[in-house]
Amino acid sequence: MKNIFLLPLFCLLALTAHGQSDKPSQQVVHLKNGSVIRQATSLKHLDSLIEVKTTDGSVFRFEASQLDKFSRETVRPSLRQSGFFVGFDMGLGMGRSYLDVPGNDARESSFFLQMTAGHQWNPKLNTGGGFGIDHYGVGTFLPVFGRVSYAPLRTRLSPVATLDAGYGFYTRALNGDPAPNQTVDGGFFINPAAGFLVRTGWRTNLSFTVGYRHQAHRQRIAQEWGRDGDVVTIQEMVMRRTSIRMSWTF
């Protein structure tokens with residue numbers, strides 16, 4: 001008889017939980033033999049039996065005399081296992097810009113923002129690509145790159161290594177028109193990095209990495225040089241930075 005009176009309590013707990021959306025929780029059925037049925041969605045009393053259905057479609061039947069109590073427990077956040085992801089990066093670079101003229105280099109800081117997307121193959125490995133905006137002293141670049149990321153541990157906190165490689169575009173829209181006798185191009189971009197990854201739950205990851213950021217840059221300058229025509233001077237510049245990056249993926 002006591003177990004029959006527990007059935008309305010099950011319904012009451014379900015309604016109460018429906019109104020509490022701050023922390024996801026699940027209905028739990030406890031049996032006297034120590035068994036526990038989680039993620040219960042419905043409960044029926046069938047003569048001397050009780051039938052419990054769960055969110056995954058499973059059905060459990062047991063004697064009413066075996067029912068002990070109902071409870072609710074907070075659902076632990078699920079860690080990302082696989083699937084499509086989207087991410088955002090922001091970071092700071094500190095280093096030097098080198099021009100192929102002896103002694104012509106400068107110490108500079110830079111900052112960058114990036115958006116990434118791709119596929120997580122398992123909890124350790126994901127691949128994808130992205131684009132961003134990267135501001136240096138000589139101008140602003142738009143890097144387009146592929147990315148590989150590997151976190152060797154399946155725990156919530158894991159070391160992580162990443163590699164970005166692609167091309168950084170130098171655009172007039174962001175930098176204005178160059179001089180009439182000047183042509184400016186972007187160049188090869190690469191950014192290997194390592195740090196640690198925090199799997200925060202609900203399929204969201206947060207990472208902090210330190211690495212090396214390399215962006216090549218070329219200028220062509222045409223100069224009048226006598227009756228034989230113009231002489232074109234090509235200047236190669238490389239921006240080398242120690243990068244500090246924070247990334248979110250979800």
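The values are calculated or read from the model by the stated rules, or taken from the named source; none is laboratory data. Owing to the predicted nature of the structure, the values given are computational and were not obtained by experimental measurement. Every residue, glycine among them, receives a Cβ derived from its backbone with ideal geometry; neighbour counts consider all protein chains shown.
Here are some residues: 196, 145, 141. Which one is in the same structural domain as residue 235 (by TED's automatic domain parsing) and more than 21 Å from residue 121 (Cβ to Cβ)? The unique qualifying residue is 141. Scanning region 14-37 for residues that are at pLDDT 80 or above, exposed (fewer than 13 other Cβ atoms within 10 Å of the Cβ) and within 40 Å of the chain's Cα centre (by Cα) yields 35, 36. The single condition among (1) modelled with pLDDT of 85 or more; (2) surrounded by 15 or more Cβ atoms within 10 Å (Cβ to Cβ); (3) not assigned by TED's automatic domain parsing to the domain that holds residue 149 that residue 51 does not satisfy is (2).
Quick check on residue 171: is it at pLDDT below 95 and hydroxyl-bearing (Ser, Thr, Tyr)? So residue 171 fits the description; yes.
Can you name every residue in region 87-104 that is among the charged types (D, E, K, R) and either surrounded by 15 or more Cβ atoms within 10 Å (Cβ to Cβ) or at pLDDT 95 or above (or both)?
Here is the first cut: in region 87-104, the residues among the charged types (D, E, K, R) are 89, 96, 100.
Listed by number, the list holds a single entry, 89.
Within the group 144, 86, which residue is over 19 Å from residue 209 (Cα atoms) and assigned to a strand (DSSP E or B)? Spell out how you get there, then give the answer.
Values: 86 fails: over 19 Å from residue 209 (Cα atoms).
Step by step, each of 144, 86 is checked, and only 144 is over 19 Å from residue 209 (Cα atoms) and assigned to a strand (DSSP E or B).
Which pairs have Cβ atoms under 6 Å, sit 6 or more apart or on different chains, and link a residue in region 207-221 that is part of a strand (DSSP E or B) to one that is basic (Lys, Arg)? These pairs meet every condition: 209/245; 213/241; 214/240. State yes or no: is residue 66 outside the structural domain of residue 166 (by TED's automatic domain parsing) and modelled with pLDDT of 85 or more? Against the criterion (outside the structural domain of residue 166 (by TED's automatic domain parsing) and modelled with pLDDT of 85 or more), residue 66 qualifies. Of the residues making up region 153-182, those that are more than 17 Å from the chain's Cα centre (by Cα), exposed (fewer than 15 other Cβ atoms within 10 Å of the Cβ) and either under 17 Å from residue 142 (Cα atoms) or of a type in the set (A, V, I, L, M, F, W, C) (or both) number 8.
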